[in-house]
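Structure record follows, encoded as C-alpha coordinates.
The values are calculated or read from the model by the stated rules, or taken from the named source; none is laboratory data. The model shown is predicted, which means the values in this text are computed figures rather than measured ones. We place every Cβ from the backbone using ideal geometry, glycine too, and count neighbours over all the protein chains shown.
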Amino acid sequence: MLLAVVVILIPPLLFSQSWHVWIYRGLTLLLIGCPCALVISTPAAITSGMAAATRRGVLIKGGAALEQLGQVQTIAFDKTGTLTEDKPTLTDILPIGALS
(Lines give C-alpha, C1' and ligand atoms only; values in the text may rest on other atoms or scores of the structure.)
Protein backbone atom coordinates (compact mmCIF):
# COMPACT_ATOMS: atom_id res chain seq x y z
CA MET A 1 0.00 0.00 0.00
CA LEU A 2 2.86 2.32 0.76
CA LEU A 3 4.36 1.76 -2.70
CA ALA A 4 1.00 2.61 -4.31
CA VAL A 5 0.84 5.86 -2.29
CA VAL A 6 4.39 6.72 -3.40
CA VAL A 7 3.48 6.04 -7.05
CA ILE A 8 0.44 8.31 -6.72
CA LEU A 9 2.15 11.20 -4.93
CA ILE A 10 5.77 11.49 -6.10
CA PRO A 11 5.41 12.09 -9.89
CA PRO A 12 2.73 14.81 -9.61
CA LEU A 13 4.35 16.59 -6.67
CA LEU A 14 8.01 16.43 -7.72
CA PHE A 15 7.83 16.29 -11.51
CA SER A 16 4.55 18.15 -12.26
CA GLN A 17 3.01 15.09 -13.89
CA SER A 18 -0.74 14.62 -14.36
CA TRP A 19 -2.60 13.57 -11.21
CA HIS A 20 -5.13 11.58 -13.22
CA VAL A 21 -2.49 9.33 -14.81
CA TRP A 22 -0.59 8.63 -11.60
CA ILE A 23 -3.68 8.00 -9.48
CA TYR A 24 -4.76 5.44 -12.07
CA ARG A 25 -1.32 3.82 -12.05
CA GLY A 26 -1.20 3.75 -8.25
CA LEU A 27 -4.62 2.12 -8.08
CA THR A 28 -3.52 -0.40 -10.68
CA LEU A 29 -0.49 -1.25 -8.56
CA LEU A 30 -2.74 -1.59 -5.52
CA LEU A 31 -5.05 -3.93 -7.42
CA ILE A 32 -2.14 -6.11 -8.52
CA GLY A 33 -0.70 -6.22 -5.01
CA CYS A 34 -3.98 -7.11 -3.32
CA PRO A 35 -5.94 -10.06 -4.81
CA CYS A 36 -8.96 -9.31 -2.64
CA ALA A 37 -9.26 -5.96 -4.43
CA LEU A 38 -10.07 -7.90 -7.60
CA VAL A 39 -13.02 -9.51 -5.84
CA ILE A 40 -14.25 -6.10 -4.76
CA SER A 41 -13.72 -4.51 -8.18
CA THR A 42 -15.95 -6.99 -10.06
CA PRO A 43 -19.26 -5.90 -8.48
CA ALA A 44 -18.16 -2.28 -8.79
CA ALA A 45 -17.52 -2.73 -12.52
CA ILE A 46 -20.91 -4.38 -13.05
CA THR A 47 -22.68 -1.61 -11.13
CA SER A 48 -20.79 0.99 -13.14
CA GLY A 49 -21.79 -0.68 -16.42
CA MET A 50 -25.44 -0.81 -15.41
CA ALA A 51 -25.37 2.86 -14.37
CA ALA A 52 -23.79 3.88 -17.69
CA ALA A 53 -26.45 1.95 -19.60
CA THR A 54 -29.21 3.56 -17.52
CA ARG A 55 -27.90 7.04 -18.33
CA ARG A 56 -28.23 6.12 -22.02
CA GLY A 57 -31.80 4.88 -21.61
CA VAL A 58 -31.17 1.13 -21.41
CA LEU A 59 -32.69 -0.80 -18.50
CA ILE A 60 -30.68 -3.89 -17.53
CA LYS A 61 -32.13 -6.17 -14.85
CA GLY A 62 -28.89 -7.29 -13.21
CA GLY A 63 -25.26 -8.28 -13.52
CA ALA A 64 -26.01 -11.63 -15.19
CA ALA A 65 -27.97 -9.90 -17.96
CA LEU A 66 -25.17 -7.38 -18.42
CA GLU A 67 -22.60 -10.17 -18.76
CA GLN A 68 -24.77 -11.98 -21.33
CA LEU A 69 -24.77 -8.87 -23.51
CA GLY A 70 -21.14 -9.64 -24.29
CA GLN A 71 -22.23 -12.83 -26.09
CA VAL A 72 -24.93 -11.22 -28.25
CA GLN A 73 -24.31 -11.66 -31.97
CA THR A 74 -27.62 -10.43 -33.42
CA ILE A 75 -29.90 -7.58 -32.39
CA ALA A 76 -33.46 -7.09 -33.68
CA PHE A 77 -35.19 -3.72 -33.43
CA ASP A 78 -38.97 -3.41 -33.34
CA LYS A 79 -39.94 -0.64 -35.74
CA THR A 80 -43.52 -1.84 -36.24
CA GLY A 81 -44.94 -0.69 -32.93
CA THR A 82 -45.69 -4.21 -31.71
CA LEU A 83 -43.74 -3.76 -28.50
CA THR A 84 -44.13 -0.02 -28.01
CA GLU A 85 -47.79 0.45 -28.99
CA ASP A 86 -49.13 -3.12 -28.59
CA LYS A 87 -50.48 -3.05 -32.17
CA PRO A 88 -49.03 -5.83 -34.36
CA THR A 89 -48.46 -4.78 -37.97
CA LEU A 90 -47.37 -6.90 -40.94
CA THR A 91 -44.58 -5.12 -42.81
CA ASP A 92 -42.99 -7.76 -45.08
CA ILE A 93 -43.56 -11.27 -46.38
CA LEU A 94 -40.33 -13.11 -47.07
CA PRO A 95 -40.66 -16.57 -48.67
CA ILE A 96 -38.28 -19.21 -47.34
CA GLY A 97 -38.29 -21.65 -50.24
CA ALA A 98 -39.23 -21.65 -53.92
CA LEU A 99 -42.89 -20.92 -54.62
CA SER A 100 -44.68 -23.13 -57.16
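Where the second residue is at pLDDT 85 or above and surrounded by 12 or more Cβ atoms within 10 Å (Cβ to Cβ) and the first is closer than 24 Å to Leu9 by Cα and of a type outside the set (A, V, I, L, M, F, W, C) and lies in region 29-52, which pairs have Cβ atoms under 8 Å and are six or more apart or on separate chains? From region 29-52, the pairs are Gly33/Ala4.
Yes or no: region 26-40 includes at least one residue that is at pLDDT 90 or above, not acidic (Asp, Glu) and not in a loop (DSSP other than H, G, I, E, B). Yes, some residue in region 26-40 is at pLDDT 90 or above, not acidic (Asp, Glu) and not in a loop (DSSP other than H, G, I, E, B).
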